[in-house]
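Contents: one structure, followed by commentary.
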Amino acid sequence: MAHFGSQIRALRAERDWSQEELAQRCGIHPNTLRKIERTAATPNDVKKGTQIGLAHAFEMTPDQLTSLYHPVVRQHAGDPHGGIPILNSVPAGPPVDYEHMEMDNGIGADYIPRIGSGVHDPTAFAFTVIGDSMMPEFCEGDTVICSPQSDMADGTAVFVRFGSEREHTCTFKRVFDRGHDVELIPDNRRHAPMIVPKNHIVRMAKVVAKWVRYD
């Protein structure tokens, strides 16, 4: 995992500490820790004093802490055959934290062959579904393809990523325009819909296909 903030979050999770508890152990404000976990791509994005506090909390030296960062050296926009990148797992349920994977640079953890997919949008990406709120059409573990360039209408299934107002979380729902807001409705009515101001959304992309691997 290259993203340094994610490494900090993983260390905290291993110890079953809340953000508030780790911040207290480091002597920093919880909001500072939240920013580090979400936006610190490299150790250089964290002040030296904060690095020392984090290292002390994790019972490491500062050098041991920063050595956990292993930048990805070989990165390509898509695979050699122009595949569609699978970028993340997205909840079909309550919005959850969006694990930073540089969503807009075309780098994926895996790739879907573009030939035969029926998707021609060069900015297309895919994600793996978590949860059951979009059942029965979309089940946990399904891989679905999104086309940011495709037009959306009421009832379209969409990937949604929120801004800082909603902690940069993401979700997968059907969208309905409500003027200044959008209503995000799950297919599984055991889950509640959401009303969200449009200015809280930083990215929305239409789901255009469900991909099935045949090995």
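Every number in this text was worked out from the coordinates using simple rules, so none of it is lab data. Computed from a predicted model, the values in this text were never measured in an experiment. Note that each Cβ is placed from the backbone with ideal geometry, even for glycine, and that neighbours are counted across all protein chains shown.
Summing +1 for each Lys or Arg and -1 for each Asp or Glu among the other residues whose beta-carbon sits under 13 angstrom from that of residue 184 gives +1.
Taking a sphere under 10 Å around the Cβ of residue 194 and counting the other residues whose Cβ falls inside, with K and R at +1 and D and E at -1, yields a net charge of 0. For region 84-211, the Stokes-Einstein estimate of translational diffusion at 20 °C and a viscosity of 1.002 mPa s comes to 147 µm²/s, using the Kirkwood hydrodynamic radius over alpha-carbon pairs.
Within the set of other residues whose C-beta is less than 15 Å from the C-beta of residue 153, count the net charge using Lys and Arg as +1 and Asp and Glu as -1. Summing Lys/Arg as +1 and Asp/Glu as -1 gives 0. Using the Karplus relation 6.51 cos²θ - 1.76 cosθ + 1.60 with θ = phi - 60°, the per-residue 3J(HN,Hα) values for region 19-34 come to 4, 5, 5, 5, 4, 5, 5, 8, x, 10, 6, x, 5, 5, 5, 4 Hz, with x marking Gly and Pro. Each principal axis of the Cα cloud of region 4-66 was evaluated for its coordinate range; sorted largest first, these ranges are 24, 23, 19 Å. Here residue 169 and residue 61 are evaluated by their C-beta separation; at R0 = 45 Å the FRET efficiency comes out at 0.85. The 3J(HN,Hα) values that the Karplus relation (6.51, -1.76, 1.60; θ = phi - 60°) gives for region 123-129 are, in residue order, 9, 4, 9, 9, 8, 9, 6 Hz. Gly and Pro appear as x.
From largest to smallest, the equivalent ellipsoid semi-axes obtained for region 106-169 from the alpha-carbon gyration tensor read 20, 16, 14 Å.
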